[in-house]
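Presented below is the structure to which this report refers.
The values are calculated or read from the model by the stated rules, or taken from the named source; none is laboratory data. Quick caveat: nothing in here was measured; it's all calculated off a predicted structure. Quick note on the areas: whole protein, heavy atoms, side chains included, nothing else; ligands and nucleic acids left out. Shrake-Rupley method; radii C 1.70, N 1.55, O 1.52, S 1.80 Å.
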Amino acid sequence: MIDNVDQLYSSTRKKIGDFTFDEDVARVFPDMIQRSVPGYRSIISSIGMLASKVVTPNSSVYDLGCSLGASTFSVLDSVQHTHYKIVAVDNAPAMIKELENKLRSRNSESEVELRCEDISQTNIEHASLVILNFTLQFVPLEARPKLIQGIYAGLRPRGVLVISEKIAFPNEKMQDMQTRLHHEFKKANGYSDLEISQKRTALENVLIPETLADHQERFSEAGFSASDVWFQCFNFASMLAIK
């Protein structure tokens with residue numbers, strides 16, 4: 001698939017439905033996420049660096065909410081041994097289909113298993129690394145604790161969860177400042193005020209951000225021995241949690 005420019009919200013819509021990861025989004029997703037998420041490329045490359053240190057032989061890597069496999073490919077490019085398996089999971093058929101096409105064109109000795117399913121139904125086993133890259137924010141709030149607990153249970157000792165999210169701020173003034181900075185970032189990347197406004201409306205009911213404290217409390221309750229932020233730019237952050 002040739003990456004296309006994201007113009008999905010460039011024309012005025014009379015009615016804006018909830019954002020879905022359909023074929024139209026899959027077609028423009030690489031452009032969309034790089035122009036929308038500050039630090040996205042740095043996070044992806046850092047996940048590969050992390051994987052090279054923590055992915056152990058005969059273990060599994062889970063890329064939950066894999067979309068078009070940016071994290072999966074970063075792991076494949078970075079881990080030197082081939083004695084591990086990647087399980088890439090997404091509930092959007094359009095994303096899995098395009099990722100399958102990408103993997104066909106790549107010669108890799110490492111095994112990649114694709115699953116089109118709800119990540120809350122994914123059984124984590126023998127994992128040295130689990131990746132939740134801008135995925136948990138789309139999971140209903142009430143389902144998030146159980147998902148993190150399941151990940152913890154399926155990680156090997158000293159296994160790592162990396163989770164990247166849009167975050168909220170408890171202070172109203174800081175929230176406003178960070179939101180305005182994010183909008184300026186998107187405008188600098190070519191999005192119009194109309195596109196920013198319409199996409200924000202589409203995401204309003206499906207992307208629910210939480211504070212860093214909320215995430216860290218959930219990690220602690222699940223049993224992780226340590227957790228902290230390893231990257232942040234404006235209202236987007238990536239965290240590590242270690243079993």
For the range 14-89 and the range 132-159, distance of Cα centres in Å: 16
Overall dimensions of the range 1-151 as given by Cα atoms, namely Rg and Dmax in Å: 15.8, 53
Spatial extent of the range 89-177: Rg and Dmax, with the Cα atoms as the point set, Å: 16.0, 50
With every protein chain in place, the chain: carbon and sulfur % of accessible area (1.4 Å): 48
Under 19 Å from residue 85, Cα to Cα: aspartates and glutamates that are on another chain or at least 8 residues apart: 63, 77, 100, 109, 111, 113, 117, 125
Note, ³J(HN,Hα) from phi for the range 99-104, Karplus 6.51, -1.76, 1.60, rounded to Hz, x at Gly and Pro: 5, 4, 5, 5, 5, 4
Over 29 Å between alpha carbons, listed pairs 97/187; 14/166; 187/243; 53/186: 97/187; 187/243; 53/186
Probe 1.4 Å, accessible area per residue of the range 122-162, Å²: 42
Relative contact order computed over the range 129-235 (Cα-Cα under 8 Å; 6+ residues apart), in percent: 39
Under the Debye formula (equal points on every Cα, no solvent term), log10 I(q)/I(0) of the range 182-226 at q = 0.28, 0.30 Å⁻¹: -0.95, -1.01
Over the chain, relative contact order from alpha-carbon pairs under 8 Å, at least 6 apart, %: 22
Eligible lysines near residue 15 by straight Cα distance, threshold 19 Å, same-chain separation 8 or greater: 199
